[in-house]
Amino acid sequence: MATVGLEAVEVTVEVDVAERGFPAFDIVGLGDKAVSESRARVKKAIENSGASFPDKRITVNLAPADLPKEGSNYDLPIAIGILLANREIEGEIEGYVYGELGLDGSVKRCRGTLLVGMLAREKKLSAVYVPIETAAEAAVIPGIIVYPVRNLTELIEHIREEKKIEPMKTIEILSLLDDAEPQVDIGEVVGQEVAKRAAEIAAAGGHNLLLVGPPGAGKTMLAKAFPSILPPLLPEESLEVTRIYSVAGMLPSGTALMRRRPFRSPHHTTSMVGLIGGGSNPMPGEISLAHLGVLFLDELPEFSRSVLEVLRQPMEDQTVSITRAMGKVQYPASFLLLASANPCPCGYLNHPFKECTCGERVINKYRARISGPILDRIDLHVWVDPVEVNKLTSTDERREKLDERGENSTQVRERVISARGKQQMRFTGIRGMYTNAQMGNKQVKIFCKLSEEVKQFLNTAANKYNLSARAYFKVIKVARTIADLEGMEEILVNHIAEAVQYRENVW
Amino acid sequence: MCDTERVKEKEIDRDDKNFPEKLKSELVRPIVKKLWYRGKWNSKLFEKCAAVVGARKMSRYGKQALGEIIPKLCGAGYTIVSGLMYGVDQEAHKLTLECGGCAIAVLGYGINARMEEEAARLAGKIVERGGLILSEYSDITSARIWTFPQRNRIVVGISDVIVVAEAGEKSGSLNTASWARRMNKPVYAIPGSVFSPTSEGTNWLVAQGLAKALTVTELNTLTHDSNAKTQQKNSLEQMEERERELITKLKVEGPMGVNEIARKSNLSAGEILGRLLQLEIKGWVVEERGMWKAV
């Protein structure tokens with residue numbers, strides 16, 4: 001199997017062992033360096049597994065011959081092909097064989113094992129033979145038999161029907177999704193009621209969120225707690241995410257599935273390619289790794305401007321196309337952008353006690369690093385106040401009272417899940433639309449009907465706060481989510497009023 | 001400066017009949033002999049002028065205050081005079097243009113001297129909208145440390161009332177205020193928080209009795225808009241219980257951030273945000289640097 005972007009393509013390994021001619025070993029079919037080096041690995045692995053490597057002219061063809069192939073995953077099928085062609089082993093093998101060989105004949109982990117399973121199901125094949133370390137990835141696909149292969153000897157014995165490999169049990173996706181691991185709980189964030197509320201709205205409606213505030217206000221802490229209020233992955237979503245991680249070779253070994261929504265926080269020195277993906281053999285970038293999850297950009301203005309600008313198209317289309325000399329690939333990139341920023345280079349602009357030491361021009365320059373189009377795509381803009389020290393270390397009595405009042409992630413998450421449920425109902429039948437944030441102006445008009453009174457209020461607010469047409473629609477979308485959180489069908493004045501508070505006035 | 005703009009520059013002498021009477025006053029010392037200007041001379045611009053000046057460094061509070069004050073002054077027919085410097089000056093000019101008012105900018109350097117990009121752009125707009133750029137310095141005279149205080153005397157000279165928006169301890173705006181005292185013109189300062197370094201100068205002016213604090217009432221008398229407050233009062237009874245509760249809380253306990261209100265009341269942050277915005281639209285509360293207070 002070869003991968004083109006996230007798509008798997010079946011590759012047939014043809015082996016010819018000729019009696020005549022000088023002994024040689026050729027591999028054709030546009031393989032890369034790893035493929036051509038596979039000759040040495042295959043030869044030694046066969047010899048070290050107790051079988052003999054034929055002293056004959058061997059030609060291996062990887063079909064389709066015009067598709068570039070890369071990686072070490074052809075080792076195992078080539079080895080098996082040679083042994084079968086040389087009648088070293090007699091027998092039948094049906095299904096995909098996939099894996100890298102070590103010199104001692106051990107089978108090593110390979111990227112993209114999940115895709116092998118998916119392809120087998122698609123092509124209605126019954127079995128796959130995959131490395132034992134990554135076999136769990138394929139085992140989540142129902143309807144196929146997964147043979148985890150430890151080493152070449154095991155597979156040879158299996159084909160000779162001397163000793164069968166124990167197939168792996170199919171892993172139930174839902175059973176995996178249930179066991180969420182412990183995370184930072186949102187209840188641990190002290191104070192910051194407004195920011196927490198905004199986080200809840202963002203999680204519920206898939207809205208992008210920008211937190212602006214002085215250093216030490218708790219922006220990063222809040223961001224870390226954010227995954228704990230996100231709704232769980234649906235089974236098909238989980239497969240989609242796992243597929244990306246499988247192709248990127250980033251699934252932890254022994255893991256079958258991505259169980260939680262991904263949370264990616266690339267450092268601000270990340271390059272353009274690192275962010276959106278690419279490379280001469282294109283690989284998914286951070287935005288695709290954050291697919292169906294969260295992309296957290298801490299210190300947003302510190303990212304180079306050109307890097308941020310490339311986010312515009314994927315944020316709009318929820319997918320990214322990368323064109324390289326090798327070809328064109330498309331990766332999904334439907335993520336929630338969570339960004340944080342200081343208000344100015346020194347960080348203390350508008351701080352209640354500390355003085356900002358930045359000049360006007362320095363601030364303007366700093367501000368200009370985030371362009372209008374990027375800000376436009378962020379629905380919620382929130383100012384995060386510094387936490388006063390006495391709130392952190394307040395007397396026990398007050399602290400207890402606070403703890404009582406402060407909600408934990410489970411409570412918030414419940415509301416988020418029910419709000420997402422409402423949105424799912426709303427958008428049934430519209431492909432690729434799951435959240436309020438994804439609504440275009442057309443859908444806003446259909447799904448967000450406003451009563452006369454509410455409309456009038458919104459217009460007054462729009463005049464008073466100078467809302468642009470785009471900001472106007474953003475307010476309605478956010479108000480829709482707020483209403484969903486309350487379980488209301490109708491958008492009320494208070495929903496709109498709250499939504500206006502998250503307008504673009506902190507940056 | 002490009003040549004096309006050079007063409008627009010003109011001059012007016014003290015003897016000219018259109019020369020502003022106010023500048024001929026004896027109190028304006030040293031006397032202004034001649035003014036260079038850009039734009040179309042219109043004597044009506046000088047009839048009723050308010051100077052709005054302040055520090056180069058402006059806080060969010062200052063910006064917000066200007067946003068309230070300038071439209072009111074423009075609405076009352078004032079021409080807004082300022083110095084085209086970045087910070088409060090430029091914000092004042094911008095807001096004036098936004099609400100369709102007339103603007104006069106008095107420069108502290110030659111009429112054709114090189115300006116910063118932002119200033120040049122704003123100057124172009126002022127002229128476009130029928131305003132004036134003035135300077136007593138010819139051509140490309142460059143700015144000196146003493147040209148700005150001298151410029152302030154013209155700003156004060158042509159204005160009937162002076163508003164100091166924000167000023168730090170050593171702000172040039174304090175110089176403007178002292179010119180105003182010499183010329184017997186009323187000075188208003190926008191008071192600020194005792195903690196705010198950008199309000200130190202304005203608070204000092206008020207404390208020394210050199211300026212009146214610009215409160216809502218003062219602003220209304222200035223703009224003859226006295227019924228604004230009374231209209232609100234009538235509707236207090238019609239207000240919802242929770243909104244009334246919020247206002248009372250803010251009145252009793254002083255300005256608070258939303259986080260604090262949430263901790264001290266039984267309302268959720270979301271609800272408070274919504275209610276406060278509605279109250280702000282109705283004119284009951286205002287936000288300053290994230291703190292909400294009852295008006």
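Relative contact order for chain B: 16 percent, from Cα pairs under 8 Å spaced at least 6 residues apart, divided by residue count. Here is how the number arises for chain A: DSSP H runs of 4 or more residues each give -39500 (n - 2.57), the sum is divided by the residue count, and the result at 222 nm is -11000 deg cm²/dmol.
Chain B: longest stretch without exposed GluC sites (Glu not before Pro) (DSSP loop, at most 16 other Cβ within 10 Å), sites themselves excluded? Here the longest run is B:48-115. Among the residues of B:273-283, the average count of other protein chain beta-carbon atoms within 10 Å of the residue beta-carbon is 6.
Cross-linked pairs A:354/B:249; A:442/A:474; B:40/B:125: Cα-Cα separations exceed 18 Å for A:354/B:249.
How long are the three semi-axes of the equivalent ellipsoid for the protein assembly as shown, computed from the Cα gyration tensor as the root of 5 times each eigenvalue, in whole Å, largest first? Show your work: numbers first, answer last.
On the way: eigenvalues 953, 203, 85 Å².
Largest first, the protein assembly as shown gives 69, 32, 21 Å.
Taking trypsin sites (Lys or Arg not before Pro) across the range A:89-147, the ones in a DSSP loop with at most 12 further Cβ atoms lying within 10 angstrom of their Cβ are A:123, A:124.
Could you pull out every one of the aspartates and glutamates with an alpha carbon less than 17 Å from that of residue A:123, ignoring same-chain neighbours closer than 8 positions? In chain and number order, the partners are A:7, A:10, A:94.
With neighbours defined as other Cβ atoms within 10 Å of a residue's Cβ, the residues A:295, B:23, B:122 order from fewest to most as B:23, B:122, A:295.
According to the calculation over all Cα-Cα pairs in the range B:239-294, the P(r) per 10 Å bin from zero is 26, 67, 7 %. Across chain B, the longest piece that holds none of the trypsin sites (Lys or Arg not before Pro) lying in DSSP loops with up to 15 other C-beta atoms within 10 Å covers B:171-295.
Centre-to-centre separation between the Cα atoms of the range B:253-295 and those of the range A:29-64: 73 Å. Pair-distance distribution of chain B: all C-alpha pairs, bin width 5 Å, starting at 0; shares per bin in whole percent are 1, 5, 11, 15, 16, 15, 11, 8, 6, 5, 3, 2, 1, 0, 0.
Where in chain A is the longest stretch that carries no GluC sites (Glu not before Pro) classed as loop by DSSP and with at most 11 other Cβ atoms within 10 Å? Write out the running numbers ahead of the final one.
Values: sites that count: A:19, A:90, A:92, A:94, A:161, A:162, A:489, A:490.
Longest run free of exposed loop sites: A:163-488.
Work out the mean other chain Cβ neighbour count within 10 Å for the residues of A:354-365 and drop it here as an integer. Intermediate results must be reported in sequence, preceding the final value.
On the way: counts 2, 6, 4, 0, 1, 3, 9, 4, 0, 1, 2, 0.
Per residue, the average neighbour count from other chains is 3.
Relative contact order for chain A using alpha-carbon pairs under 8 Å, separation at least 6, rounded to a whole percent? Write out the running numbers ahead of the final one.
Details: 962 pairs, mean separation 66.6, N = 507.
Relative contact order comes out at 13 percent.
List, in the order given, every pair from B:48/B:212; A:224/B:264; A:43/A:108; A:219/A:445 whose Cα-Cα distance in the structure shown is over 23 Å. Cα-Cα > 23 Å for A:224/B:264; A:219/A:445; rest within.
Cα centroids of the range A:408-448 and the range A:118-166: 40 Å apart. The distance from the alpha carbon centre of the range A:454-490 to that of the range A:317-350 is 26 Å, rounded to a whole number. Taking a sphere under 12 Å around the Cβ of residue B:191 and counting the other residues whose Cβ falls inside, with K and R at +1 and D and E at -1, yields a net charge of -3.
Laboratory data are not the source of any read-out in this text; all were calculated from the coordinates shown. It should be emphasised that the depicted structure is a prediction, and the values quoted were computed from it without experimental measurement. So basically every Cβ, Gly included, is an ideal-geometry build from the backbone, and we count neighbours across all protein chains shown.
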